[in-house]
Amino acid sequence: MVWLTWRQHRAQMLVTAGLLAALGVLLLVHGLGADGLPGEALNARFQSLYTYISWLPVVPLLVGLFWGAPLLARELERGTHRLAWTQSVTRRRWLTGKLGLLGLVVTVAGLALGAMVSAWLTSFDGVDAADRFGDTALFGGTGVAVGAWWLFAFALGAAVGGLVRKMLPAFAMTIVVFVLVMVASFQARQDYAEPLRTVADGPLPGALITGSASLSPSGVEVAGDAVVPECATAGRETYLSCIEEAGYESVLYYQPADRYWRFQWTEAGLLVLLSVLLVGPVVYRVARRPV
Amino acid sequence: MVTGIAPAGWWLFAFAVGVAAGAVTRRLLVAMAVTLAVFFLVYTGVSLTSARLHYAAPVRVEENAPEVRGEPWAINTPGGAQAQLPAGALLVTSGWARADGTAVPRDVVWACAPTAYEYLQCMRDKGLHWFADYHPADRYWRFQYTEAGALALVTVLLSAFVVRRAR
């Protein structure tokens, strides 16, 4: 089973390993070159690569397309499953073996990418934008969540492929569902725990800001997107000084920096659960259906 | 990139790359991977090399006494330089030059920095003048046609290659 999986999927594995190695070298060179740079130059150096790193959330989609979707769809579309499933290995073992082995490889590859990005980030300590918690792309590209994203994309592709049994429709559906889940996760992430509240505090290093409000002297809180009643007539440029004169203080809702790992495990757990829910029924259905 | 007719050029180009990749590799998955890689490389290559800024020779504006609102040395930042240009202009480069037109290195540009409000006077005393190269706003359509045309040309070449191969 291991030999068969390697034999059939070595192209994906080698290409992925090659790309990861190339990215690792790039991150290493870029990170080491940042050593000892002064503030402004360090910031500029970070931004120069961050432009591309900010695309990290889409990378798992490639795994879904090239690892997941063809896994079942290619066999079913070409009819080669008739040969594969009439060998001495049972159909259920063939399915679980392939999905398990490849899922493991994909997860490990995702975790390796996350570890490389995390290591790269440590070179940019004083840079505000190098924020693994507050930054959407970096949160999903570091820690354990990145491994879960890779696994989820793979499971999604495989499940869709087993369901629609044709490659191109499977590709299209994988893209659509993945993008929907990705956007939903961006929205849901800040609600994994009840946010903390702070009044008139300084900067919150490494925290994930989830909302803001203004607090009047009498203790009434006005939401950040609403207009403070005393300043309803103030112009765009005088508004901020007006609410300050009226005695308002700013309120911030945030998730503190030390919740990073808790949130990482929450996201990873949700994605793994979703992966199991996606793949389970498809394995059951494909295993039961007549060849 | 996402307005005007350039997007049509990009869509056409991506389609042609896909067809050519399919014709060469003859395998669905490999063709898709190659198409993604080629498109990504060309697309980022065009942005990375700022190829768009070189579709035409830029217009140069030279000021002996630029008027700057706020901090005078803000003129050395892209935002400050943009403020000197007509609305909608696309800034290519800006800086300081000597009377004979040679550019001034960075450390000389900042040498006058400590005297904030005399900064511009200080630069003038050194015989330097400020300049900026830019594309005026009315070149938008010309640049759109340049980009779309270049992509259409590549599309034609790729298609010709595929047709020739199929014979």
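The values are calculated or read from the model by the stated rules, or taken from the named source; none is laboratory data. If you're wondering where the values come from, they're calculated on a predicted model, not measured in any experiment. Using ideal geometry, Cβ is built from the backbone for each residue, glycine included, and neighbour counts are taken over all protein chains shown. Ligands, DNA and RNA are excluded from the accessible area calculation, which covers all protein heavy atoms including side chains. Shrake-Rupley method; radii C 1.70, N 1.55, O 1.52, S 1.80 Å.
For A:Leu65, all conditions in the list (1) under 23 Å from B:Val30 (Cα atoms); (2) more than 26 Å from the chain's Cα centre (by Cα); (3) within 14 Å of chain B (Cβ to nearest Cβ) hold save one; what is the number of the exception? Of everything listed in (1) under 23 Å from B:Val30 (Cα atoms); (2) more than 26 Å from the chain's Cα centre (by Cα); (3) within 14 Å of chain B (Cβ to nearest Cβ), A:Leu65 misses just condition (2). Residue count for region A:40-56 satisfying the condition of being away from chain B (no Cβ under 12 Å), more than 16 Å from A:Leu28 (Cα to Cα) and either aliphatic (A, V, I, L, M) or exposed (fewer than 14 other Cβ atoms within 10 Å of the Cβ) (or both): 3. For region B:28-54, how many residues are touching a Phe, Trp or Tyr at 6+ places or on another chain (Cβ under 7 Å) and open to solvent by less than 60 Å² (accessible area, probe 1.4 Å)? Counting residues in region B:28-54 that are touching a Phe, Trp or Tyr at 6+ places or on another chain (Cβ under 7 Å) and open to solvent by less than 60 Å² (accessible area, probe 1.4 Å) gives 2. For the residues A:Leu65, A:Leu83, A:Leu72, the requirement of being surrounded by fewer than 18 Cβ atoms within 10 Å (Cβ to Cβ) and of a type in the set (A, V, I, L, M, F, W, C) singles out A:Leu83. Contact map, region B:10-30: residues that are away from chain A (no Cβ under 14 Å) paired with residues that are of a type in the set (D, E, K, R) and open to solvent by 60 Å² or more (accessible area, probe 1.4 Å), Cβ distance under 7 Å, separation 6+ or inter-chain. Pairs shown: B:Ala23/B:Arg165. Can you pull out the residues in region B:117-162 that are free of Cβ contacts under 8 Å to residues at least 12 places away in the same chain and closer than 30 Å to B:Val68 by Cα? Residues satisfying the conditions are B:Glu118, B:Gln121, B:Cys122, B:Asp125, B:Asp138.
Restricting attention to region A:31-39, does a residue exist that is surrounded by fewer than 18 Cβ atoms within 10 Å (Cβ to Cβ), within 12 Å of chain B (Cβ to nearest Cβ) and out of contact with any Pro (no Cβ under 9 Å at 6 or more places or on another chain)? No, region A:31-39 has no match at all. For region A:169-204, the set of residues classified as surrounded by 11 or more Cβ atoms within 10 Å (Cβ to Cβ) and not in a helix (DSSP H, G or I) consists of A:Tyr192, A:Ala193, A:Pro195, A:Leu196, A:Arg197, A:Thr198, A:Val199, A:Asp201, A:Leu204, listed by residue number. Looking at region A:124-138 only, could you name the residues that are assigned to a helix (DSSP H, G or I) and open to solvent by 40 Å² or more (accessible area, probe 1.4 Å)? Result: A:Thr136, single match. Taking the condition farther than 16 Å from A:Ala287 by Cα, within 14 Å of another protein chain (Cβ to nearest Cβ) and among the aliphatic types (A, V, I, L, M), does A:Leu111 pass? It is false that A:Leu111 is farther than 16 Å from A:Ala287 by Cα, within 14 Å of another protein chain (Cβ to nearest Cβ) and among the aliphatic types (A, V, I, L, M). Based on this model, can you work out whether A:Arg165 counts as open to solvent by 30 Å² or more (accessible area, probe 1.4 Å), away from chain B (no Cβ under 14 Å), among the basic types (Lys, Arg) and farther than 30 Å from A:Gly126 by Cβ? Considered against the rule, which asks whether it is open to solvent by 30 Å² or more (accessible area, probe 1.4 Å), away from chain B (no Cβ under 14 Å), among the basic types (Lys, Arg) and farther than 30 Å from A:Gly126 by Cβ, A:Arg165 comes out as yes. Here is the figure for region A:55-90: residues that are within 28 Å of A:Gly147 (Cβ to Cβ) and of a type in the set (Asp, Glu) total 1. Sub-8 Å Cβ pairs linking a first residue in region A:41-69 that is more than 22 Å from A:Ala158 (Cβ to Cβ) to a second residue that is among the polar types (S, T, N, Q) and surrounded by fewer than 16 Cβ atoms within 10 Å (Cβ to Cβ), at least 6 apart or interchain, are A:Tyr52/B:Thr44, ordered by first then second residue. Among the residues of region B:10-29, is there at least one that is assigned by TED's automatic domain parsing to the domain that holds B:Gly149 and touching an Asp or Glu at 6+ places or on another chain (Cβ under 9 Å)? The answer is yes, given that some residue of region B:10-29 is assigned by TED's automatic domain parsing to the domain that holds B:Gly149 and touching an Asp or Glu at 6+ places or on another chain (Cβ under 9 Å).
When the criteria are applied in full, B:Thr77 meets the requirement of being among the hydroxyl-bearing types (Ser, Thr, Tyr), open to solvent by 50 Å² or more (accessible area, probe 1.4 Å) and within 14 Å of chain A (Cβ to nearest Cβ). Residues being surrounded by 15 or more Cβ atoms within 10 Å (Cβ to Cβ) and either more than 13 Å from every other protein chain (Cβ to nearest Cβ) or modelled with pLDDT of 95 or more (or both): count how many of those fall in region A:10-19. Matching residues across region A:10-19 total 1.
Out of A:Val279, A:Val227, one residue alone is within 36 Å of the chain's Cα centre (by Cα), among the aliphatic types (A, V, I, L, M) and not in a helix (DSSP H, G or I). It is A:Val227.
Taken over region B:119-167, the criterion of being among the charged types (D, E, K, R) and within 22 Å of the chain's Cα centre (by Cα) is satisfied by B:Asp133, B:Asp138, B:Arg139, B:Arg142, B:Glu147. Only one of these is open to solvent by 40 Å² or more (accessible area, probe 1.4 Å), within 14 Å of chain B (Cβ to nearest Cβ) and among the β-branched types (Val, Ile, Thr): A:Val25, A:Val59. Name it. Checking each option against the conditions leaves just A:Val59.
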